[in-house]
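Derivation of every value follows stated rules applied to the coordinates shown; laboratory data play no part. Not measured: the values here are computed from a predicted model. Note: ideal-geometry Cβ built from the backbone for every residue, glycine included; neighbour counts use all protein chains shown.
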Amino acid sequence: MDKHSPEFDQFASAYDELLDDPLRNRFSLDPLHFHRRKWHLIRRLLESRGIATGTRIWLDVGCGRGELLNLAGKEFASACGCDPSARMLSPHTAFKTYEQASTIELPFKDGSFDFVTAVCVFHHVHGEDRALLIKEIKRVLTPGGWCCIVEHNPWNPVTQTIVRRCPVDADAELLTASRMRDLLKASAFTSIAKEYFLIFPEKLFRWFGALEGAFSKLAFGGQYAILAQAPSHLSRSESTRETSIASSQNSAAALPVNLTANEPAHAK
Ligand SMILES: C[S@@+](CC[C@H](N)C(=O)[O-])C[C@H]1O[C@@H](n2cnc3c(N)ncnc32)[C@H](O)[C@@H]1O
């Protein structure tokens, strides 16, 4: 069911304070550390599939304040983000960001992007909306395009503790990597690769980071990333259904559609 309730609007003005947790802070001395680790893993997963970013168009779904876009956007031919919470979208992001009018519809035409990420978004999406959002990601991807989902690992006790006491995560329902993989498979995504990461706190990672790779297939890390490829062509029933979704969103031919955009000075 589509219920547009940008719950993150209430958190946006005090977001850093709300995330402040001594246990979390022990894992990250620099607020950008977690974003950097995510981007390095995403880039490595893409490289392992021979996917060059320089020619790709990237969408970050649930981009929030746009830290990942700011870190990695310039490595793509073009990059933008979207989020249902207008207050989370930062006017200072160096890339275009778009407000989603709905939590299960993305304001873009079919096949607009080669690569889509959703980082720490799906634990805020519930019930059947998860499958609907994945279908939307597939719809806005080019056939054969790639998506990467990053999520908290519910098997990690430190993650569980931090999530349990974080006000921003009051509604969180963590999902295992297997559950995430099944959701992607159900939407006909293939070539699925999964890695766990964030085992060591930042201080130790500097010395023992290389060891994390040895444990990346085991459910130890605080988070996991899943890379998956959209089907290279749509079945007849999907293309009919998805054409009707796109036309019900907006009949304009322009790309993207139906948007409220932050237009920063450095937008690509
Ligand atoms: C924990 S924050 C993560 C923000 C950013 N991706 C990051 O890693 O810093 C979760 C974000 O997901 C957004 N969100 C929640 N439900 C969503 C949905 N159905 N579609 C897209 N974004 C959603 C929230 O508004 C919020 O900005």
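Report for the chain the percent antiparallel among DSSP-assigned beta bridges with both residues inside it, nearest 5.
Percent antiparallel among DSSP bridges in the chain is about 45.
Show me the ranking of peptides 119-129, 75-85 by mean Cβ neighbours inside 10 Å, starting with the highest.
By packing density, highest mean first, the sequence is 75-85, 119-129.
Placing +1 on the Cβ of each Lys and Arg and -1 on the Cβ of each Asp and Glu in the stretch 16-248, which of F189, G62, L174 has its Cα farthest towards the positive end of the resulting dipole?
Checked the options; the winner is F189.
Between the stretch 177-214 and the stretch 1-54, what is the C-alpha centre distance in whole Å?
First find each Cα centre; the distance between them is then 14 Å.
Which shape class, rounded, prolate or oblate, goes with the stretch 1-144 when its Cα gyration tensor gives a ≥ b ≥ c as root eigenvalues, a/c under 1.5 marks rounded, and past that a/b bigger than b/c marks prolate?
Because a/c hits 1.5 or more and a/b fails to exceed b/c, the stretch 1-144 counts as oblate.
Before anything else, pin down the relative contact order of the stretch 1-81: Cα pairs under 8 Å, at least 6 apart, normalised by residue count, whole percent.
Taking the mean separation of contacting Cα pairs over the length of the stretch 1-81, I get 25 percent.
With an 8 Å Cα cut-off and a minimum separation of 6 or more residues, compute the relative contact order for the chain in percent.
Relative contact order for the chain comes out at 23 percent.
In straight Cα distance, which lysines are under 28 Å from K203, not counting same-chain residues fewer than 8 positions off?
Straight-distance partners of K203: K38, K74, K194, K217.
Tell me, what are the semi-axes, in whole angstrom and largest first, of the equivalent ellipsoid of the stretch 166-206 as set by the roots of 5 times the Cα gyration tensor eigenvalues?
26, 19, 6
Could I have the simple spin-label model distance between E7 and F220, label points 7 Å from Cα toward Cβ, reported in nm to one decimal?
In this crude spin-label approximation the distance works out to 3.2 nm.
Please say if the stretch 16-248 is rounded, prolate or oblate, where rounded means a/c under 1.5 for a ≥ b ≥ c the square roots of the C-alpha gyration tensor eigenvalues, and otherwise the choice is prolate for a/b larger than b/c and oblate otherwise?
Here the stretch 16-248 falls in the prolate category.
Name the shape class, rounded, prolate or oblate, that the alpha-carbon gyration tensor gives for the stretch 24-71, where a ≥ b ≥ c are the square roots of its eigenvalues, rounded holds for a/c under 1.5, and otherwise prolate holds if a/b is larger than b/c and oblate otherwise.
oblate
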